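Trainee: Encoded as structure tokens, here's the structure I'll be asking about.
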Amino acid sequence: MVAPPDTAPPDNDVLWARSLHYSHSGSPGLIGVSAGVRQGEILAVTGPRGSGKTTLLRCLSGQLVPEQGEVWFNGVPVHTMGALVRERLRRDRFGWIDPEPRLLPELKVWENAALPLLIGGASHRAAKTAACAWLDRLDIGGFARKRPSALTRAECQRVALARALAGEPAVIFADEPTASLHRAERALLMRTLTTAARSHGITVLLATHDEESAAAADRRIALLDGRPVEAAEAVEAAGTAEAAEAAEAAGEGSAPTGSTETPEDQAACSLSA
Ligand SMILES: Nc1ncnc2c1ncn2[C@@H]1O[C@H](COP(=O)(O)OP(=O)(O)OP(=O)(O)O)[C@@H](O)[C@H]1O
């Protein structure tokens, strides 16, 4: 479905994006991807390596500004915000989890978890209380005064999760959060993430190529080569049809089954449920 140009974001979508295009130094990262996610929903963005999952999360979270298309958060356009406003939005309303824990080794565990709050201007006491509360809820409160080097990678990833949760975000963007973990650790982290999100009504955008992790989501959208998977398949089929057409014109093949839409038309389809 191609969204008409004057469609307003649906009221019940906390985050909504239409026909996003983004290229990394000229190489396509996203081509006509649309998405909508409701408050408290866990949406998995799936696809193989290089399919555009991270680029989509970065556009939706305001880290990247799409070259074309729109991103709306709670009815407010993000794609037209200046850099400072987007930065404040990310800090105040969004949490982010990377594939690797990315903790600061010189800080204690609780300081790592409290960092966004401290940077955001919270008092030392309030930031410590909020961070330690989440460390306790995630069963790693006993590590609060240790340095990250004393923890396993899975424990560090839980600290990163506590850091993402401590600021009471509306949305958590989890970019392959289980990628560096063993199978049992992956299941535990996903359980911890989904339980915390559901109990606090937090929306989660989960990029993953792991089927078991994706199964924890309420809904999923699949990307391939920077496009919604259906559009990517249509583009591939159109390419095959063009090749067959050329072969037929040369008297070497049979007639193709064509499409009246261009590949770009097909790519700009909405993935909102
Ligand atoms: N900083 C960058 N510079 C150049 N190309 C990039 C950059 N980041 C991503 N790309 C390219 O954009 C496309 C989409 O990458 P992206 O990281 O969004 O995919 P992904 O599905 O998240 O992959 P992965 O699972 O490997 O992280 C890929 O072709 C990738 O090589």
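Readers should treat all values here as calculations from the given coordinates under stated rules, not as data from a laboratory. All values derive from a computational prediction rather than experimental measurement. Please note: Cβ atoms are built from the backbone with ideal geometry, for glycine as well, and neighbour counts cover all protein chains shown.
Trainee: Determine how many Å³ per residue the convex hull of the Cα atoms of region 121-244 encloses.
Mentor: Cα convex hull per residue, to the nearest whole number: 145 Å³.
Trainee: To continue, here is another question. How far apart, in nm, are the 7 Å Cα→Cβ label points at ASN12 and HIS24?
Mentor: With each label placed 7 Å out from Cα toward Cβ, I get 3.6 nm.
Trainee: If you stretched the chain out fully between GLN39 and VAL229, how much longer would it get, using 0.36 nm times the residue separation minus the C-alpha to C-alpha distance?
Mentor: Once the chain is fully extended between GLN39 and VAL229, it gains 65.9 nm.
Trainee: Additional query: For region 13-243, what proportion of DSSP beta bridges, expressed in % and rounded to the nearest 5, is antiparallel?
Mentor: The antiparallel fraction comes to roughly 50 percent.
Trainee: Compute the distance from the alpha-carbon center of region 178-209 to that of region 99-151, in whole Å.
Mentor: 18
Trainee: Could I ask something else about it? Please state the equivalent ellipsoid semi-axes for region 3-81: what are the square roots of 5 times the Cα gyration tensor eigenvalues, largest first, in whole Å?
Mentor: The answer is 20, 15, 11 Å, longest axis first.
Trainee: Provide the packing ranking of 25-35, 123-133, 200-210, i.e. peptides ordered by the mean count of other C-beta atoms within 10 Å per residue, highest first.
Mentor: Averaged packing, sorted descending, gives the order 200-210, 25-35, 123-133.
Trainee: Amide H of ARG220 versus every other amide H placed in the peptide plane: which residues, excluding those fewer than 5 positions away on the same chain, fall under 5 Å?
Mentor: The list, which skips near neighbours in sequence, is ALA44.
Trainee: If you don't mind, there's one more thing I want to ask. In region 100-166, which chymotrypsin sites (Phe, Trp or Tyr not before Pro) fall in coil by DSSP and have 16 or fewer other Cβ atoms within 10 Å?
Mentor: Within region 100-166, no chymotrypsin sites (Phe, Trp or Tyr not before Pro) qualify (loop, at most 16 other Cβ atoms within 10 Å).
Trainee: Tell me whether region 13-243 comes out rounded, prolate or oblate; compute the Cα gyration tensor, take square roots of the eigenvalues as a ≥ b ≥ c, and use a/c under 1.5 as the rounded threshold.
Mentor: prolate
Trainee: Looking at region 100-189, which GluC sites (Glu not before Pro) are DSSP coil and have at most 12 other C-beta atoms within 10 Å of their C-beta? Mind dumping the intermediate values first?
Mentor: Values: sites: GLU106, GLU111, GLU155, GLU185; in loops: GLU106.
Within region 100-189, the qualifying GluC sites (Glu not before Pro) (loop, at most 12 other Cβ atoms within 10 Å) are GLU106.
Trainee: Another one. If I stretch the segment between LEU118 and ARG153 completely, what's the gain in nm (0.36 nm per residue apart, minus their alpha carbon distance), one decimal?
Mentor: Working it through step by step, the gained length comes to 10.2 nm.
Trainee: Using a cut-off of under 20 Å, list every residue of region 148-168 whose amide N is near the label point 7 Å from the Cα of ARG183 along the Cα-to-beta-carbon line.
Mentor: Counting only backbone N, you get 153-155.
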